[in-house]
1. Look through 23, 34 and report the one residue that is touching a Gly at 6+ places or on another chain (Cβ under 7 Å) and either of a type outside the set (A, V, I, L, M, F, W, C) or free of Cβ contacts under 8 Å to residues at least 40 places away in the same chain (or both).
2. Of everything in the stretch 1-16 that's aliphatic (A, V, I, L, M) and surrounded by 12 or more Cβ atoms within 10 Å (Cβ to Cβ), which residue is nearest to the ligand (Cβ to nearest atom)?
3. Within the stretch 17-60, how many residues turn out to be out of contact with any helix residue (DSSP H, G or I) (no Cβ under 9 Å at 6 or more places or on another chain) and within 14 Å of the ligand (Cβ to nearest atom)?
4. Could you grab the pairs with beta carbons closer than 8 Å, sequence gap of 6+ or different chains, first residue in the stretch 1-12 and closer than 12 Å to residue 30 by Cβ, second one exposed (fewer than 15 other Cβ atoms within 10 Å of the Cβ) and of a type in the set (Val, Ile, Thr)?
Amino acid sequence: MKRDLIEILACPVCRGSLSLSVAKEDDAEIIDGALECKKCPESYPIVGAIPNLLPPRSRP
Ligand SMILES: [Zn+2]
């Protein structure tokens, strides 16, 4: 994903803002890493440059 995307993404659970943790990146994109919510304990993986913003746990 593009680094700028962090500005427009929000946590799907609580709508809080996310912080970016980069494991691997190239000139244009973050390839692997995680998006961590600042408001709740959720985090979302970035795998193969695709952020997975599905809630990690199913909820009632
Ligand atoms: Zn959240």
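1. 23
2. Across the stretch 1-16, the extreme among qualifying residues is 13.
3. 16
4. If the second residue must be exposed (fewer than 15 other Cβ atoms within 10 Å of the Cβ) and of a type in the set (Val, Ile, Thr), the pairs left are 1/50.
Every number in this text was worked out from the coordinates using simple rules, so none of it is lab data. Everything numeric in this text was worked out from a predicted model, so none of it was measured. So basically every Cβ, Gly included, is an ideal-geometry build from the backbone, and we count neighbours across all protein chains shown.
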